[in-house]
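The values are calculated or read from the model by the stated rules, or taken from the named source; none is laboratory data. Model, not experiment: these values are computed from the prediction. All Cβ positions, glycine included, derive from the backbone under ideal geometry; neighbour counts span all protein chains shown. Surface areas here come from the heavy atoms of the whole protein model, side chains and all, with no ligands, DNA or RNA. Shrake-Rupley method; radii C 1.70, N 1.55, O 1.52, S 1.80 Å.
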Amino acid sequence: MTNRHTFRDLSHVRFTWRLAADGRPPAEGELEVGPLGPGAGAEVALPPLPAGPEAETWLTVTAVSTAGEVSPPEGTVLGLGQVRIRSAAPAARPAGAPARRSGSGRVTLGPAEFEPVRGTLVRLGGLELDGPRLDVWRAPIDNDRYGPDPIEARWRAVGLDRMTHRLVGLRIEGDELVVLTRVAPAAGDLALLATYRWSADERAACVRVSVRPQGSWTVPLPRLGLRLAVPDRLGAVRWFGGGPGEAYADSRRAARVDAFTATVEELQTPYVFPQENGSRTAVRWAELRGPDGSGLRIEGHPTVEFTARRWTSEDLDAARHTTDLAPRDRIFVNADLAQHGLGSAACGPGPLPVHVLHARPAEFTVSLRPL
C-alpha cells in the first residue's frame with residue numbers, strides 16, 4: 001500500500017476487503033494499514049483464502065472515508081481495486097448422453113428436446129424454451145444513430161434488423177446433435193452460416209456455435225451471440241461476473257467481478273430514448289429463477305456478455321418512449337460472444353478499432369442447465 005498524498009497521512013481512510021469465490025458466500029473484513037505518512041508505503045497481509053475445492057477467486061480492496069470527514073462524508077468510496085488471486089480449472093462440456101429421435105421427429109439429448117423444423121431447443125428438463133438462435137441485432141444507441149457516418153443507417157441498409165433463419169440440415173453424429181442454419185438479411189447475398197453442435201449429460205446441455213460469414217461484408221455486426229426465450233416467471237437473476245451495473249467492451253472500467261443479484265427489471269437502464277442497454281460483461285454464469293426456486297443456469301466457456309429483458313431487441317428498437325415497452329409473456333436472454341463498441345459518435349469519434357465487431361469466423365460455447 002502506498003500513500004500518494006503529498007501532505008496528508010491515511011488516517012482519514014479505511015480499507016475493506018472482500019473475497020468473492022465462485023459458488024461460495026463471500027468473505028469480508030478490514031485491512032490493517034495504519035496511518036501511513038505522505039509518500040510512505042507498507043506491505044499489507046492478504047486475508048486467508050477460503051478452504052475447499054479450487055474456484056475462481058477475486059480480492060476487492062475498497063478505500064472509504066472514515067468518521068469525522070466533512071468532504072467527502074463518511075463512507076464515501078474513494079477508490080477500488082481488484083485482482084484475481086485464484087483461477088478455476090476450465091469447465092468440461094457436458095457430454096455422453098445419446099441423441100434419439102422420437103416418433104414425432106423431435107430429438108432428445110439428455111434433458112434437452114429439439115423440434116425438427118427449425119432445429120431449436122424447445123424444452124430443457126421441465127422448462128419450456130425457445131431457442132437459442134444466433135442473434136446479431138441490437139436496438140441502436142444514440143452513438144449508432146448520429147455522427148458523420150451513422151452506423152445504424154448502414155446496418156439497416158444491408159438488413160441486419162430483419163435477419164431470417166433457415167434450417168440447412170439436422171443430423172445426429174455419435175453423441176452430438178448437429179444443426180446447420182443460414183442466417184441472412186431479408187434481401188442480398190450476405191449471410192452467416194451457423195453450425196450448432198449440441199452435447200449433453202443427464203443434467204445439462206451444451207452448444208458449441210461456429211459462425212462463418214458468407215459474402216462481402218463491409219459493415220460490422222451490432223452483436224454476435226445467442227438469444228433464447230424463457231418463461232416470464234424467471235424474473236430473479238443471480239450472476240458471477242462483471243457488475244453491478246451495465247458494461248460494454250469500451251465502457252467496462254467500473255465493472256468488478258463478483259456475485260450479484262437483481263430482478264430482470266433492475267437490469268434495465270431506462271434511457272430517455274429506448275436503446276440497447278443493461279448488458280453485464282464477462283459473466284461466468286447467470287441463473288434465472290422463479291418464485292419456487294426453479295429456473296435456468298447459463299454458463300459461458302469461459303464467459304458471455306449477458307442481457308435479460310421482458311421485451312425483444314426489436315421491441316426496444318421500435319419504442320420511442322419507455323412507456324412504449326410492454327412486457328411480453330417471456331423473458332428474452334442474450335448470451336453474447338461480443339457486441340460492437342459504444343464509441344461516442346453522437347458527440348465525437350466512433351468505437352476504437354479494437355472494439356469494432358467485424359464479421360469474421362468465430363466460435364463460442366454456452367451450457368444450459370435446468371435448476
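Of the GluC sites (Glu not before Pro) found in region 46-144, those that fall in a DSSP loop while having at most 12 other beta-carbon atoms within 10 Å are 54. Treating r as the C-beta distance of residue 16 and residue 254 and R0 as 22 Å, the FRET efficiency rounds to 0.80. For the chain, a Gaussian network of Cα nodes joined below 10 Å ranks 130, 161, 149 by mean-square fluctuation, and the top entry is 149. A simple charge model with +1 on the Cβ of Lys and Arg, -1 on the Cβ of Asp and Glu and nothing else charged puts the dipole of the chain at about 960 debye relative to its Cα centre. If R0 is taken as 45 Å, the Cβ-Cβ distance between residue 273 and residue 203 corresponds to a FRET efficiency of 0.55.
Where the accessible area of region 132-212 is counted over protein heavy atoms with a 1.4 Å probe, how much of it, in %, is carbon and sulfur? Carbon and sulfur together cover 47 percent of it. Only helical DSSP H runs with n ≥ 4 go in: add -39500 (n - 2.57) per run for the chain, normalise by residue count and round the 222 nm mean residue ellipticity to 500 deg cm²/dmol. Computed ellipticity for the chain at 222 nm equals -1000 deg cm²/dmol. Segment residue 157..residue 322, full-extension length gain: 56.8 nm, with 0.36 nm per residue of separation and the alpha-carbon distance subtracted.
Once the Cα-Cα distance is subtracted from the 0.36 nm per residue extended length, the residue 314 to residue 44 segment shows a gain of 92.1 nm.
Taken one residue at a time, the phi angles of region 9-19 give Karplus couplings (6.51, -1.76, 1.60, θ = phi - 60°) of 7, 9, 5, 8, 10, 10, 10, 9, 10, 9, 9 Hz. Gly and Pro are set to x. Which one, 240, 187, 278, is farthest towards the positive end of the dipole of region 184-289 when Lys and Arg carry +1 and Asp and Glu -1 on their Cβ? My answer, from the dipole projection, is 240. Our summary gives the chain a relative contact order of 15 percent, counting only alpha carbon pairs under 8 angstrom and 6 or more residues apart.
Take the chain with all the other protein chains still there, run a 1.4 Å probe, and you get 47 Å² of accessible area per residue.
A Förster radius of 56 Å combined with the Cβ-Cβ distance from residue 294 to residue 4 puts the calculated FRET efficiency at roughly 0.65. Between residue 87 and residue 102, the distance separating the two model label sites (each 7 Å from Cα on the Cα→Cβ line) works out to 4.3 nm. Calculate the length of the line joining the C-alpha centroid of region 113-163 to that of region 316-371, in whole Å. Value for the Cα centre distance between the two parts: 9 Å. State the Cα centre-to-centre distance between region 180-257 and region 1-78 in whole Å. Cα centroid to Cα centroid, the span is 37 Å.
Solvent-accessible area assigned to carbon and sulfur over region 33-123 amounts to 58 percent, based on a 1.4 Å probe.
Could you work out the longest stretch of the chain that avoids the trypsin sites (Lys or Arg not before Pro) located in DSSP loops with at most 10 other Cβ atoms within 10 Å? The segment 5-252 is the longest one with no such site.
Stretching the chain fully between residue 301 and residue 128 yields a gain of 59.9 nm (0.36 nm per residue, less the alpha carbon separation).
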